[in-house]
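Colleague: Dumping the structure here so I can ask a few things about it.
The numbers here are math on the coordinates, done by the rules we state, and not lab data. Remember, predicted model here, so these are calculated numbers, not experimental data. We place every Cβ from the backbone using ideal geometry, glycine too, and count neighbours over all the protein chains shown.
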Amino acid sequence: MNYKNSLDALLTILNLGGKITQAPCHISLMLNGLRYYSIEVTIHENHFLIQAFEQEASDLFQQVRTILDGKKTDVKKIEVIFR
């Protein structure tokens, strides 16, 4: 399967039932000055690494944080309901 970029790969895998299994809480800065971000996603027990550099790294990071923060909010809402 071909993807336009890392964000397209992430969203496609998530829409097919995949999930984010590892995601750093920050963007790395490589020795050559490039911004770098990578995540691991899992679908059907297969693990994939999605990597991005520079602006694409920032875009991927923001989307992942939005997704993960949204899931934390959902869990907190459920916890409040059951208290």
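Colleague: Calculated from DSSP H runs of 4 or more alone, at -39500 (n - 2.57) each and per residue, what is the 222 nm mean residue ellipticity of the chain, nearest 500? Write down the numbers at each step before the final one.
Modeller: Values: 2 runs with 38 residues, N = 83.
Result for the chain, helices only: -15500 deg cm²/dmol.
Colleague: Provide the per-residue ³J(HN,Hα) series for segment 38-45, in order, calculated from phi with Karplus coefficients 6.51, -1.76, 1.60 and θ = phi - 60°, each as a whole number of Hz, with x at glycine and proline positions.
Modeller: Whole-Hz 3J(HN,Hα) from phi for segment 38-45: 9, 9, 10, 10, 10, 8, 6, 6.
Colleague: Here's another thing I want to ask about it. Relative contact order of the chain: what whole-number percent is it, with Cα pairs under 8 angstrom and at least 6 residues apart?
Modeller: 25 percent
Colleague: Any chance you could run the full-extension gain for Gln62 through Leu14? It's 0.36 nm times the residue separation minus the Cα-Cα distance, nm to one decimal. Before the final figure, lay out the partial values.
Modeller: Details: separation 48, 0.36 × 48 = 17.28 nm, distance 1.56 nm.
Net length gain for the segment: 15.7 nm.
Colleague: Please give the helix 54-81 orientation as an angle from the longest Cα principal axis of the chain, in degrees from 0 to 90, rounded to the nearest 10.
Modeller: 10 degrees
Colleague: Additional query: Note down the magnitude of the dipole of the chain about its Cα centre, charges +1 on Lys and Arg C-beta and -1 on Asp and Glu C-beta and zero elsewhere, to the nearest 20 debye. All intermediate terms of the calculation are to be shown ahead of the outcome.
Modeller: Working: 9 positive and 9 negative charges, 74 e Å.
In total the dipole reaches around 360 debye.
Colleague: What value does segment 6-74 have for Rg/Rh, both radii from Cα atoms and Rh as Kirkwood defines it?
Modeller: Details: Rg = 12.0 Å, Rh = 12.3 Å.
Here the Rg-to-Rh quotient is 0.98.
Colleague: Of the options Ala52, Gly33, Ile13, report the single residue whose Cα projects farthest towards the positive end of the charge dipole of the chain (beta-carbon charges: Lys, Arg +1; Asp, Glu -1).
Modeller: In the chain, that residue is Ile13.
Colleague: Now a separate question. What ³J(HN,Hα) values, in whole Hz, does the Karplus curve 6.51 cos²θ - 1.76 cosθ + 1.60 give for segment 5-18 when θ = phi - 60°, with x put for Gly and Pro?
Modeller: Once rounded to whole Hz, the list reads 6, 5, 5, 4, 4, 4, 5, 5, 5, 5, 5, 8, x, x.
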